[in-house]
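Just below is one structure, and these are the notes that go with it.
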Amino acid sequence: MLIFDADDTLWENNILFERVIDDFLEWVAHPTLDRVEIRAILDDIERANVVTHGYGSAIFLHSLGDCLARLRERPATEAERRQIEELAVALVERRVELVPGVADTLTELGRRHVLLLLTKGNTEEQQRKIDASGLGHHFRRTHIVVEKNVEVYRQVVAEHGLSPDATWMIGNSPKSDILPARAAGMNAVYIPDPYPWALEHADLDPEDSRVLTLSTFPDLLDHF
């Protein structure tokens, strides 16, 4: 059984947010804080907001507005909020860009194994991305959850009657994909994203023989 993450594993996601953040940092240009310091403030705001409100582009835009308000020491104006939305047009329009080789690789893997999809975030937004990707038919079942933690992985194992030893979680996030899957007794495949989100960072055990690290998505065909 192969279980796949979605964002930044099957399609590009964080790089779109990073492009918006670069434009935002250029736009806000603070008189005393540099880009690194402003980014640290934004990261702190995002970290707090995802705990309270969850994930998704709407929450991200809210975090940008909160960051601007903190920097300006006043609420963002309607014009400023419109400017933030214009910066984030690619997110608002929710375009989907597949990671190279994903479609063909899933087609071949589907001939050999049962595939599941496990993604976190806003249900409506994640389902729209799945539909837009054209990949949904590859998966026997899709799970969209608020957060991916060890309890969620155990629930998936129980619901499908899986053997953890014969189940692999495949994703790009150490925090959400690899560590909780391993804590649930599953194997894991880590495919690092070249544009990782700071909030998804976590240290992996280099001695863990049940974590396979691959360079690209199509490399899965050499192992499964």
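The values are calculated or read from the model by the stated rules, or taken from the named source; none is laboratory data. The shown structure was predicted, so the numbers you read here are calculated from the model rather than taken from an experiment. With ideal geometry, Cβ positions are generated from the backbone for all residues, glycine too; neighbour counts draw on all protein chains shown. For the accessible areas, the whole protein counts, side chains as well, though only heavy atoms, and no ligand, DNA or RNA atoms are used. Shrake-Rupley method; radii C 1.70, N 1.55, O 1.52, S 1.80 Å.
Considering only alpha-carbon pairs that sit under 8 angstrom and 6 or more positions apart, the relative contact order computed for the chain is 26 percent.
Just the accessible area per residue of the chain, please: how many Å² with a 1.4 Å probe? Spell out each step's value before the answer.
Working: 11060 Å² over 224 residues.
So the chain comes to 49 Å² accessible per residue, rounded to a whole number.
How about the stretch 130-224: which GluC sites (Glu not before Pro) there are in a DSSP loop, with at most 11 other Cβ atoms within 10 Å of their Cβ?
Numbers: sites: 147, 151, 159, 200, 207; in loops: 147, 207.
In loop regions of the stretch 130-224 (DSSP not H, G, I, E or B), the sparsely surrounded GluC sites (Glu not before Pro) are 207.
Computed 3J(HN,Hα) for the stretch 128-140, one whole-Hz value per residue from the Karplus formula 6.51 cos²θ - 1.76 cosθ + 1.60 where θ = phi - 60°, is 4, 5, 4, 5, 5, 6, x, 9, x, 5, 6, 10, 5, glycine and proline marked x.
Could you size up the charge dipole of the stretch 66-213 around its Cα centre, putting +1 on the beta carbon of Lys and Arg and -1 on that of Asp and Glu, and report it in debye to the nearest 20?
Here the size comes out at about 320 debye.
Mean-square fluctuations from a GNM of the chain, with a 10 angstrom spring cutoff on Cα atoms, peak among 90, 40, 184 at 40. Can you tell me which of 170, 15, 178 moves the most in a GNM of the chain? Springs connect C-alpha atoms under 10 Å apart. Of 170, 15, 178, the Gaussian network model singles out 15 as fluctuating most. Taking θ as phi - 60° and the Karplus parameters 6.51, -1.76 and 1.60, the scalar couplings of the stretch 114-122 work out to 7, 10, 10, 10, 10, 9, 10, x, 5 Hz in sequence order, x denoting glycine and proline. The mean sequence distance of close C-alpha pairs (under 8 Å, at least 6 residues apart), as a share of the length of the stretch 168-224, puts its relative contact order at 34 percent.
Between the listed residues 150, 123, 172, the Cα displaced farthest toward the positive end of the dipole of the stretch 67-224, a dipole computed from Cβ unit charges relative to the Cα centre, is found at 123. Taking the charge dipole of the chain about its Cα centre, with +1 at Lys and Arg Cβ atoms and -1 at Asp and Glu Cβ atoms, the residue from 17, 38, 136 reaching farthest to the positive side is 136.
Take the Cα radius of gyration of the chain and divide it by 2.2 N^0.38 Å, with N its residue count; two decimals is plenty. All intermediate terms of the calculation are to be shown ahead of the outcome.
On the way: Rg = 18.6 Å, N = 224, 2.2 N^0.38 = 17.2 Å.
For the chain, the normalised Cα radius of gyration comes out at 1.08.
Straight Cα distances below 21 angstrom link residue 175 to the lysines 120, 148, with same-chain residues fewer than 8 positions distant left out. With the convex hull drawn over the C-alpha atoms of the stretch 111-214, the volume per residue is 121 Å³. Across the stretch 162-176, computed HN-Hα scalar couplings (Karplus, 6.51 cos²θ - 1.76 cosθ + 1.60, θ = phi - 60°) run 7, 9, x, 5, 10, 10, 10, 9, 10, x, 9, 9, x, 5, 9 Hz from first to last residue, x flagging Gly and Pro.
If both residues of a DSSP beta bridge must be in the chain, then about 10% of such bridges are antiparallel.
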